[in-house]
Amino acid sequence: MIEVENLTRYYGPTRAVHDISFHVDKGEIVGFLGPNGAGKTTTMRILTGFLPPSDGAARLAGFDVFHDSLEVRRRVGYMPETVPLYPEMTVWAYLDYMGALRQLPNRKQAVDRAMEACGIGDRAASMISKLSKGYRQRVGLAQAILHEPEVLILDEPTIGLDPRQVSDARALIQEIGREHTVILSSHVLSEVSQTCNRVLIINQGEIVAQGTPEELTAQLQGAELVLVRIADAGPEAVSVLERVDGVIGVEPADEGAYQVSCAQGRDLRAELARAVVEQGWGLLELGRAGMSLEDIFLELTTDEKDPKGFPKPLGSEEGKGGNNA
């Protein structure tokens, strides 16, 4: 649905995005993560036809974003971080106007559907200037889905929302993602981990990693981690766990808990449980342990790290690491 190949964008002499490549399939919800100034918004603007690339190519639903810009815009819904609303208009009038710009044949039906989906039906007659920040975000999301786009691109869609509104917006994005392709950027890492199927991490204009949070964790750690918590285990617990085939190492954690490093790609939970039970110990907890998305983000975007030490992006044939401009 979205294909990006060697995309580069300069602002004068400043390189904002450098030679990035990735793809997003239909029905995927992909989180776009990166620190401020990393190139997220520039990439999103290129994908929506708002900016031309300096080099490289991007296609959306089979159409080139530069050569077939109008076709791309018909198929994409875009919600920028700062939504361009008209404060002197009512919610309904604004959405009706946006529908007219898109030449929608059944504007009233489209407006009513978008307002209902975004939970702003009771604000139809309200002036936009009188709305809270949260409701303005909802209006921005409503205009993005007004024409039922194939691709939805959202730049910080939940900024300024209260926890209940964030939950509602997350549910809406997930619902849309069942039939449409969604790319969203966010600084709320827990939101991305709960909403998105896959993550792209960009730093100083380059993709430094992509994959599911679990894949990124395994790639950075080089091993699968399992947390085992045992009742009444003696000092020999470490050696018992180490004898399980495929275990690389065992480190005691807090009281009665052990972090077991397993060979990458091996799920040894059943074997570890069997080893504990055969000793007559009580198995209190057994589960995967790994880095949080916040840990992954900091690991890949900390300036002090040697750029050449970044792991290869998952799914990348060339496996370019992340030196960031």
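Observations, loosely collected:
- When Leu47, Leu101 are checked against the criterion of being out of contact with any strand residue (DSSP E or B) (no Cβ under 7 Å at 6 or more places or on another chain) and either among the hydrophobic types (A, V, I, L, M, F, W, C) or surrounded by fewer than 16 Cβ atoms within 10 Å (Cβ to Cβ) (or both), Leu101 stands alone in meeting it.
- For segment 61-74, filtered to residues that are of a type outside the set (A, V, I, L, M, F, W, C) and modelled with pLDDT of 90 or more, the residue that is surrounded by the most Cβ atoms within 10 Å (Cβ to Cβ) is Arg73.
- Taken over segment 75-88, residues that are touching a residue at least 12 places away in the same chain (Cβ under 8 Å) and surrounded by fewer than 16 Cβ atoms within 10 Å (Cβ to Cβ) amount to 4.
- Pairs with Cβ under 7 Å, 6+ apart, first in segment 167-190 and in the same structural domain as Ala117 (by TED's automatic domain parsing), second in a helix (DSSP H, G or I) and of a type in the set (Ser, Thr, Tyr): Arg170/Thr195; Ile173/Thr195; Gln174/Thr195
- Look at segment 109-133: where a residue is farther than 16 Å from Glu148 by Cα and a partner is β-branched (Val, Ile, Thr) and not in a helix (DSSP H, G or I), sitting 6+ places away or on another chain with Cβ atoms under 8 Å, you get Ala124/Thr90; Ala125/Thr90; Ser126/Thr90; Met127/Thr90; Ile128/Thr90.
- Within segment 150-163, not a single residue is part of a loop (DSSP other than H, G, I, E, B), more than 21 Å from Thr195 (Cα to Cα) and assigned by TED's automatic domain parsing to the domain that holds Leu184.
- Members of segment 237-259 that are outside any strand (DSSP E or B) and either among the hydroxyl-bearing types (Ser, Thr, Tyr) or touching a residue at least 24 places away in the same chain (Cβ under 8 Å) (or both): Ala237, Ser239, Val240, Leu241, Arg243, Val244, Asp245, Gly246, Ala253, Gly256
- Candidates Arg178, Arg164, Arg138, filtered to the one that is basic (Lys, Arg) and modelled with pLDDT of 85 or more: Arg138
- Enumeration of residues in segment 220-236 that are in contact with a Cys (Cβ under 7 Å, 6 or more places away or on another chain) and assigned to a strand (DSSP E or B): Glu224, Val226
- Residues that are touching a residue at least 60 places away in the same chain (Cβ under 8 Å) and of a type in the set (Ser, Thr, Tyr) were ranked within segment 43-74; the one that is farthest from Lys130 (Cα to Cα) is Thr43.
- Residue selection: Leu216 satisfies the criterion of being in a helix (DSSP H, G or I), within 30 Å of Thr14 (Cα to Cα) and within 16 Å of the chain's Cα centre (by Cα).
- Breaking point among (1) among the polar types (S, T, N, Q); (2) touching a Leu at 6+ places or on another chain (Cβ under 7 Å); (3) more than 30 Å from Arg15 (Cα to Cα), for Asn203: (3)
- When restricted to residues that are closer than 21 Å to Pro157 by Cβ, in a helix (DSSP H, G or I) and not charged (D, E, K, R), segment 61-100 contains 6.
The values are calculated or read from the model by the stated rules, or taken from the named source; none is laboratory data. Everything numeric in this text was worked out from a predicted model, so none of it was measured. Note that each Cβ is placed from the backbone with ideal geometry, even for glycine, and that neighbours are counted across all protein chains shown.
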